Structure formats: C-alpha cells, structure tokens
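Enquirer: First the structure, which I've put down as structure tokens, then a few questions once you've had a look.
The values are calculated or read from the model by the stated rules, or taken from the named source; none is laboratory data. As the structure is a prediction and not an experimental result, all values here were calculated from the model. In this analysis, Cβ positions are derived from the backbone assuming ideal geometry, glycine residues included, and neighbour counts consider all displayed protein chains.
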Ligand code: GLC
C-alpha cells in the first residue's frame with residue numbers, strides 16, 4: 001500500500017502525523033520516510049478478516065461503549081496453561097458473559113526477571129511455554145468468531161535487559177545505547193533522582209542501575225532489568241510502532257499502553273505525563289486510525305484524575321479510547337475499610353460530570369497492587385491525614401485492625417514515607433477467605449454480599465466493567481507464591497494464582513459461594529445489558545441517602561430512571577430517598593417505597609422507574 005493508495009481519510013490523518021512527527025523530531029526526515037514505509041508495510045500485511053472488522057467498526061465507532069460489554073483479564077498460564085488451553089476454555093469465558101478478553105503479558109520475557117511478563121525480550125515472539133505467535137492469531141480469530149475482542153499489553157516504556165537492543169547496547173554498540181538512557185557516570189542520574197519519584201521503592205529502589213558490561217549507568221524506572229527506552233530517538237518510536245502494528249495484525253483489538261505516562265524523560269522534571277507523551281500517543285492513535293481503525297488504545301495511567309483525563313486528548317484530536325477509572329477503584333477500597341462513602345461520592349461526582357464520550361474501564365481488582373492515590377485534600381476536611389490514613393487502610397485490609405475480616409498483604413512497604421500499597425483478591429479483601437477458614441456461615445454470607453455489591457457498583461457506572469479472572473467465583477488469595485523464589489519478593493503474586501477449575505465447577509450450584517457469586521454476577525450483567533438506563537449516554541448523579549454509610553447513584557436515560565443504593569456499613573440500614581416516581585426492584589421484581597428502603601449490611605438495591613409519557 002504505497003502512500004498514494006491511502007484513502008482520503010487516511011491521507012488527512014497522515015498530514016497531521018507528519019506535522020507532529022517533524023515537530024517532535026525536527027531534522028529527521030529520513031526517519032519520517034521510514035515511518036511511512038512501516039505504515040505501508042503494516043497495511044499490506046493486515047489480514048483481510050481484520051480489514052473487514054475495521055470497516056464494520058468504522059461504521060459503529062462506539063462499539064466498545066455498548067452496555068452489554070463485559071471484560072475479563074487473565075494470565076494465560078494461570079487460567080489455562082497455554083494459548084491453546086485458553087481457546088479450549090472460551091466456552092467458560094462466554095458463560096461468564098465476557099466479550100472482551102485481556103490476555104496478560106504473554107510475549108517472550110526472561111522467566112527469572114519478568115515482572116509478570118512486563119519485561120519483554122522479543123515483541124514478535126510468544127513465551128514458548130504459552131505457545132506461538134500463530135497460536136495467538138488463531139485464538140484471536142476464534143475470539144472474533146464468538147464476538148469477543150482481545151486486548152494485549154504493549155509494554156512500550158522499556159524492554160527487558162535481554163532484548164536484542166539491550167544486548168547490543170551492553171556490548172558497546174553506540175547506536176543501541178542511544179535507544180536507552182546511558183550515562184558514563186552517576187552525575188546526571190543523581191540529578192534525575194532529585195526530582196523523579198520511585199515506582200518500586202522497596203523491591204527496586206532508585207531509577208538507575210549500573211551496567212557492568214557497558215561500564216555505564218542505565219535508566220531503569222521499574223526493575224533494574226527493565227531498561228527505559230528513549231523516545232527522543234525517532235528510531236525507537238519507529239521500531240516500537242512497527243511492533244505495535246505487528247500485534248494489531250495478529251488480531252489484537254485493544255492495545256493496552258502500559259505505563260504510558262512514563263515514556264518521555266527530561267532532567268529537572270518528575271518524568272511523568274510530559275507534553276511529549278501526549279504527542280507520542282496522538283501519533284500512535286493516528287497510525288492506528290490509518291492502518292487498523294478498528295483498534296482501540298487503552299491507556300494505563302495510574303495517576304490522580306487531573307492527570308488521567310488529558311489522555312483522552314480532545315474531541316478533534318483524541319488520544320486514548322479508554323482509560324482505567326483508577327481513583328474510583330482505590331476510593332472503593334477506602335470505603336470498604338472506612339464504611340464512609342463521602343470520599344467515594346466526591347470522586348464519583350467528578351467522574352459523572354465528565355463528557356459522556358469518555359470511555360472508562362471500571363474495575364475493583366486487577367493484576368497490580370492497590371495504590372492509595374486518594375484525594376487527601378478532600379479527606380483532610382474530615383481530619384484524615386495521608387500517612388495515618390494509609391496506615392489505617394492497610395491495617396484494615398490486611399486484617400491487622402481488630403475485627404477486620406480482610407486478608408490482604410502489603411506491597412512495597414516504604415516505612416520512610418508510610419507509603420505501602422496493598423495486594424489481595426476481591427474475595428479475600430472482602431472477608432470471604434477468613435470466613436471460610438473460620439467456617440463462619442454468617443460471616444461468609446456477609447462477605448459474599450459485600451463482594452457482589454462492589455461488582456454491582458462497578459456495573460452501575462457507565463463504561464466497560466472488567467472482571468479479574470477468578471473473581472467470578474470469589475477465588476481467594478494464592479499464598480503459595482511465598483514459596484516460589486521467583487515470586488516471593490513481589491506480593492502482587494498473591495492475587496495472580498491459578499484458576500481453580502474444581503471450584504469453577506461449583507458455579508452452577510447457587511448454594512455454594514462460587515455459585516452465589518457466579519449467578520449473582522450473571523444476573524447483574526444480563527440486567528445491565530437489557531435495560532437502556534445502563535446506556536453510556538445516561539445522565540448519572542449522586543443521590544443523597546441521608547446516611548454517610550449508604551451510597552446512592554441515580555441514572556436516567558430515555559424515560560428510564562435507576563436509583564442504586566449500596567450499604568457499606570456493618571449494620572442493616574433503612575434510608576429515604578427523594579426521587580420522584582414509582583419504583584420496582586430490578587432484581588426481585590417487587591415494588592419499592594423510596595421513603596423507606598431497607599438494605600442488609602453489605603447489600604445493594606437497583607430500583608427502577610419508567611416514566612409513563614415515554615413508554616412505547
Ligand atoms: C504496569 C503494569 C505493572 C508493571 C509495570 C511495569 O504498571 O501494570 O504490572 O509492573 O507496568 O511494566
């Protein structure tokens with residue numbers, strides 16, 4: 001596909017690409033011409049089936065915002081051993097109602113220095129234990145046949161130290177050293193350290209590592225074996241864009257831009273969210289729009305809300321299609337621990353007024369730790385100060401706090417700053433694990449109710465809800481990682497355990513914890529898909545319940561109104577809600593009186609009202 005064969009739409013996009021490229025890389029015309037060749041080649045290689053999907057999605061560009069979308073993220077190894085294994089288990093995925101599958105990092109990565117696959121040594125090869133690139137293409141094709149889209153991580157901030165570029169850099173090749181950040185001595189790195197925070201203060205302190213073979217210092221923001229790529233070098237941007245397009249052409253629909261805020265570094269800054277990052281993301285968006293317009297960019301921006309939203313770009317110049325609703329996730333866990341919904345109300349209130357076009361990915365748990373990036377300015381109004389508050393949250397969620405049923409573990413505890421983060425599965429953090437161990441039926445019922453309520457909350461929000469594999473059967477923590485020398489230092493493995501297929505077989509029996517959760521979720525997903533009030537175009541607002549322990553959310557769309565109530569307290573509650581209309585409980589079908597709605601502890605209600613005048 002030579003440039004002249006591009007459609008009018010693609011030509012217009014190429015114009016903007018050229019302008020951005022030459023402003024970021026002035027004087028690099030050769031590199032830009034190379035980029036055009038990359039685009040041409042990827043266009044030629046794009047499989048016909050994917051082109052057909054692109055054409056379909058161009059006609060319905062909001063396909064991923066549909067209310068019947070449900071995602072799941074899973075590790076291939078933990079879920080089914082191999083890519084072939086995942087293919088065989090697609091029936092289960094479908095039974096879960098899932099139509100968006102995030103396969104966690106599966107590209108080649110040194111087993112003993114992998115950061116869960118986020119240290120990629122070859123962007124064109126699948127980890128041999130999981131299968132091959134053609135297995136991946138086969139799996140994506142099968143997923144597409146079943147109406148499931150596939151998300152894959154694109155770990156673009158760094159490569160593994162075993163990547164060919166890193167090996168050549170280590171051997172002294174200047175061209176490859178220029179793809180990373182190499183320094184002859186520690187003077188510049190020390191300058192950086194004055195302004196750059198640390199990602200892994202305990203497991204991998206500092207942002208630089210000494211490279212013995214090269215006799216130089218190399219930038220390693222994450223683990224020492226993850227070398228930061230230098231995107232000021234256009235060869236890096238070109239080669240990585242080519243890698244991304246390669247993955248898109250294997251049938252990947254959603255590219256998760258891993259650690260994207262970090263991809264541009266500048267001395268004297270915190271090296272996060274710099275303006276050039278947005279130029280790079282916009283260029284990647286343009287390249288995708290030109291070659292694979294059905295592909296979505298999902299930005300992993302684990303930052304406070306004001307830093308997250310700019311990654312959507314503008315209406316005229318969009319960047320990411322979707323972003324994680326990370327602060328809401330952390331605020332939910334704060335609410336579980338404090339039973340006070342005021343912060344969550346404040347946080348959700350901010351999300352609800354954002355343009356409806358913004359696509360958020362809503363979730364309770366993912367493969368990473370929970371970082372306590374909360375709105376401390378807001379919390380300080382109630383006398384909650386950052387350091388003691390984090391300590392309380394961690395004490396509660398690790399079960400150290402008297403009476404707490406949660407069973408999490410700390411992550412990257414930094415005693416200097418009082419800044420530990422937290423790990424654990426949803427079920428274990430809700431108390432399911434402790435109740436099962438103690439054989440306490442009442443406690444178990446409460447914990448499961450809370451777990452389901454958190455999911456109901458995620459389903460009440462607009463956006464794409466994502467389940468973390470295993471959560472659909474309330475799977476607990478995996479303590480065995482403590483005995484695995486390759487994992488023991490990283491407590492995120494606590495919630496990355498193997499899928500328990502024996503437990504999954506109980507999903508059919510509602511009297512079991514697995515069945516309670518599985519069928520409860522299925523009911524919620526089906527209601528969400530069927531009722532237009534869950535449409536992304538709905539107005540959403542916070543409903544006053546008169547009780548800080550009970551969160552209220554209202555939704556309205558084309559004559560349907562929903563009042564959703566969530567009781568975080570340990571006691572049963574009855575609240576009065578001042579919203580007009582005759583309401584019915586969506587789950588039980590019974591009439592509801594809004595002047596006295598009762599909620600069990602850890603329970604929720606979805607109350608719906610249809611306005612006469614708009615009835616068909
Ligand atoms: C992202 C991933 C995390 C990984 C890091 C470094 O934050 O979610 O698991 O450790 O990037 O690649």
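Enquirer: Pairs please, first residue from the stretch 44-56 and over 14 Å from residue 141 (Cβ atoms), second anywhere and surrounded by fewer than 12 Cβ atoms within 10 Å (Cβ to Cβ), Cβ atoms under 9 Å, 6+ apart in sequence or on different chains.
Expert: none
Enquirer: Quick check, is residue 374 in contact (Cβ under 8 Å) with a residue 24 or more places away in the chain, touching a helix residue (DSSP H, G or I) at 6+ places or on another chain (Cβ under 7 Å) and either within 16 Å of the ligand (Cβ to nearest atom) or outside any helix (DSSP H, G or I) (or both)?
Expert: Yes: the conditions hold for residue 374.
Enquirer: Looking at 491, 519, 469, 462, can you tell me which residue is more than 30 Å from residue 412 (Cβ to Cβ) and touching a strand residue (DSSP E or B) at 6+ places or on another chain (Cβ under 9 Å)?
Expert: 462
Enquirer: Only residues that are within 17 Å of residue 249 (Cβ to Cβ) and either buried (at least 22 other Cβ atoms within 10 Å of the Cβ) or within 16 Å of the ligand (Cβ to nearest atom) (or both): list them for the stretch 123-132, please.
Expert: 123
Enquirer: Name the single residue that is farthest from residue 303 (Cα to Cα) among those in the stretch 190-215 being modelled with pLDDT of 95 or more and surrounded by 20 or more Cβ atoms within 10 Å (Cβ to Cβ).
Expert: The qualifying residue farthest from residue 303 (Cα to Cα) is 211.
Enquirer: Right, another one. If you take the residues of the stretch 324-348 that are in contact with a helix residue (DSSP H, G or I) (Cβ under 7 Å, 6 or more places away or on another chain) and part of a loop (DSSP other than H, G, I, E, B), which of them is farthest from residue 423 (Cα to Cα)?
Expert: In this case the residue turns out to be 341.
Enquirer: A further question on this structure: Within the stretch 421-457, can you find the residues that are under 30 Å from residue 201 (Cβ atoms) and either over 20 Å from the mean Cα position of the chain (by Cα) or part of a helix (DSSP H, G or I) (or both)?
Expert: Scanning the stretch 421-457 gives 426, 427, 428, 429, 430, 431, 433, 434, 454.
Enquirer: How about the stretch 175-189: which of its residues are under 13 Å from residue 233 (Cα atoms) and exposed (fewer than 14 other Cβ atoms within 10 Å of the Cβ)?
Expert: Answer for the stretch 175-189, where residues must be under 13 Å from residue 233 (Cα atoms) and exposed (fewer than 14 other Cβ atoms within 10 Å of the Cβ): just 175.
Enquirer: Return the total of residues in the stretch 74-91 being under 22 Å from the mean Cα position of the chain (by Cα) and farther than 22 Å from residue 492 by Cβ.
Expert: Looking only at that region, the number is 2.
Enquirer: Within 19 Å of the chain's Cα centre (by Cα) and either within 16 Å of the ligand (Cβ to nearest atom) or part of a helix (DSSP H, G or I) (or both), is that true of residue 282?
Expert: When the stated conditions are applied, residue 282 does not pass them.
Enquirer: In the list 520, 529, 476, 536, which residue meets the criterion of being outside any loop (DSSP other than H, G, I, E, B) and in contact with a helix residue (DSSP H, G or I) (Cβ under 6 Å, 6 or more places away or on another chain)?
Expert: 520
Enquirer: Follow-up. Looking at residue 400, is it within 16 Å of the ligand (Cβ to nearest atom) and either within 29 Å of residue 69 (Cα to Cα) or assigned to a loop (DSSP other than H, G, I, E, B) (or both)?
Expert: When the stated conditions are applied, residue 400 does not pass them.
Enquirer: Going through 532, 498 one at a time, which residue ends up being at pLDDT 95 or above and under 28 Å from residue 358 (Cβ atoms)?
Expert: So the residue among 532, 498 that is at pLDDT 95 or above and under 28 Å from residue 358 (Cβ atoms) is 532.
Enquirer: Further question: Being free of Cβ contacts under 8 Å to residues at least 12 places away in the same chain and part of a loop (DSSP other than H, G, I, E, B) is the filter; apply it to the stretch 488-514 and report the residue that is surrounded by the fewest Cβ atoms within 10 Å (Cβ to Cβ).
Expert: Among those that are free of Cβ contacts under 8 Å to residues at least 12 places away in the same chain and part of a loop (DSSP other than H, G, I, E, B), it is 511.
Condition check ((1) within 16 Å of the ligand (Cβ to nearest atom); (2) in contact with a helix residue (DSSP H, G or I) (Cβ under 8 Å, 6 or more places away or on another chain)) across all residues:
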| position | (1), (2) |
| --- | --- |
| 134 | no, no |
| 144 | no, yes |
| 165 | no, yes |
| 179 | no, yes |
| 197 | yes, no |
| 204 | yes, no |
| 214 | no, yes |
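Enquirer: Being buried (at least 20 other Cβ atoms within 10 Å of the Cβ) and more than 15 Å from the ligand (Cβ to nearest atom) is the filter here; which residues of the stretch 217-233 pass it?
Expert: 217, 218, 231
Enquirer: Next up: Determine which single condition residue 237 fails, assuming it passes every other condition in (1) in contact (Cβ under 8 Å) with a residue 24 or more places away in the chain; (2) surrounded by fewer than 22 Cβ atoms within 10 Å (Cβ to Cβ); (3) not in a strand (DSSP E or B).
Expert: Tallying (1) in contact (Cβ under 8 Å) with a residue 24 or more places away in the chain; (2) surrounded by fewer than 22 Cβ atoms within 10 Å (Cβ to Cβ); (3) not in a strand (DSSP E or B), residue 237 fails exactly one: (2).
Enquirer: Moving on. Would you point out which residue out of 277, 260 is within 21 Å of residue 104 (Cα to Cα), in contact with a helix residue (DSSP H, G or I) (Cβ under 7 Å, 6 or more places away or on another chain) and within 16 Å of the ligand (Cβ to nearest atom)?
Expert: 260
Enquirer: Name the residues in the stretch 91-112 that are in a loop (DSSP other than H, G, I, E, B) and more than 12 Å from the ligand (Cβ to nearest atom), would you?
Expert: Listed by number, the residues that qualify are 96, 97, 98, 99, 106, 110, 111, 112.
Enquirer: If you take the residues in the stretch 196-217 that are closer than 19 Å to residue 112 by Cβ, touching a residue at least 24 places away in the same chain (Cβ under 8 Å) and in a strand (DSSP E or B), which one is farthest from the chain's Cα centre (by Cα)?
Expert: Among those that are closer than 19 Å to residue 112 by Cβ, touching a residue at least 24 places away in the same chain (Cβ under 8 Å) and in a strand (DSSP E or B), it is 211.
Enquirer: Let me ask something additional. Let me confirm something: among 432, 326, which residue is buried (at least 22 other Cβ atoms within 10 Å of the Cβ) and within 16 Å of the ligand (Cβ to nearest atom)?
Expert: 326
Enquirer: Of the conditions (1) at positive phi; (2) within 15 Å of the ligand (Cβ to nearest atom), residue 272 fails just one. Which one is it?
Expert: (1)
Enquirer: Out of all the residues in the stretch 564-581, is one or more buried (at least 22 other Cβ atoms within 10 Å of the Cβ), closer than 29 Å to residue 64 by Cα and without any contact (Cβ under 8 Å) to a residue 60 or more places away in the chain?
Expert: Yes, there is a match, as at least one residue in the stretch 564-581 is buried (at least 22 other Cβ atoms within 10 Å of the Cβ), closer than 29 Å to residue 64 by Cα and without any contact (Cβ under 8 Å) to a residue 60 or more places away in the chain.
Enquirer: Only residues that are in contact with a helix residue (DSSP H, G or I) (Cβ under 9 Å, 6 or more places away or on another chain), part of a loop (DSSP other than H, G, I, E, B) and within 13 Å of the ligand (Cβ to nearest atom): list them for the stretch 147-163, please.
Expert: Correct list: 156, 157.
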